[in-house]
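Laboratory data are not the source of any read-out in this text; all were calculated from the coordinates shown. Because the structure is predicted, anything quoted here is derived from the model rather than measured.
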């Protein structure tokens, strides 16, 4: 397991329901943003990967647990931790934490499995070696 990558998120009006509480599905959006920024920190741009390597990453599965609600204007920190790197997939553990007080509070946690697929056929594909090497380097540097 790697040390977590962290990405800040602020809760906007558009993220909430009529009660000012973050709509449950939006945590998946927060997780996606953090994984995208994690990839960028490894030097991997998803658009460029699609154009140059002809592969894309897709979510294969997600298991989410909700612990406490986030509300309008909360500042969150979304974590990304690699659990496993395979030939064609990466398993992540992710969390959304309320920050700004004396202690962080875990609001939502999830296990996300991302698979690599061919951009044209949409069939499973091995993660290209240059991409896999960057992911493994980032993983190793965080341990």
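Would you report the distance distribution of C-alpha pairs in segment 1-82 as whole percents per 5 angstrom bin, up to the bin with the largest distance?
3, 13, 21, 22, 17, 13, 7, 3, 1
What percent of all Cα-Cα pairs in the chain falls in each 5 Å bin, counting up from 0?
Result, from short to long distances: 2, 10, 19, 21, 18, 13, 9, 6, 2, 0 percent.
Determine the gain in length on full extension of the stretch residue 51-residue 6; use 0.36 nm per residue of separation and subtract their C-alpha separation, reporting nm with one decimal.
My answer for the length gained is 13.5 nm.
Which of 107, 48, 28 moves most in a GNM of the chain, Cα contacts under 10 Å?
48
Once both axes come from the Cα atoms, what is the angle between helix 26-41 and the longest principal axis of the chain, in degrees from 0 to 90, rounded to 10?
Once rounded, one gets 50 degrees.
Counting only helical runs of four or more DSSP H residues, what would the 222 nm mean residue ellipticity of the chain come to if each run contributes -39,500 (n - 2.57) and the total is spread over all its residues?
On the way: 3 runs with 37 residues, N = 143.
My calculation for the chain gives -8000 deg cm²/dmol from helical runs alone.
Before anything else, pin down the relative contact order of the chain: Cα pairs under 8 Å, at least 6 apart, normalised by residue count, whole percent.
On the way: 279 pairs, mean separation 43.0, N = 143.
In percent, rounded to a whole number, it is 30.
How tilted is helix 129-141 with respect to the longest principal axis of the chain? Cα atoms for both, answer in degrees (0 to 90, nearest 10).
50 degrees
For residue 75 and residue 13, calculate 0.36 nm times their separation in residues minus their Cα-Cα distance, and state this gained length in nm to one decimal.
That works out to 21.0 nm of additional length.
Taking 10 °C and 1.306 mPa s as the conditions, I'd like the Stokes-Einstein D for segment 71-143 in µm²/s, using the Kirkwood hydrodynamic radius from alpha carbon pairs.
D = 111 µm²/s.
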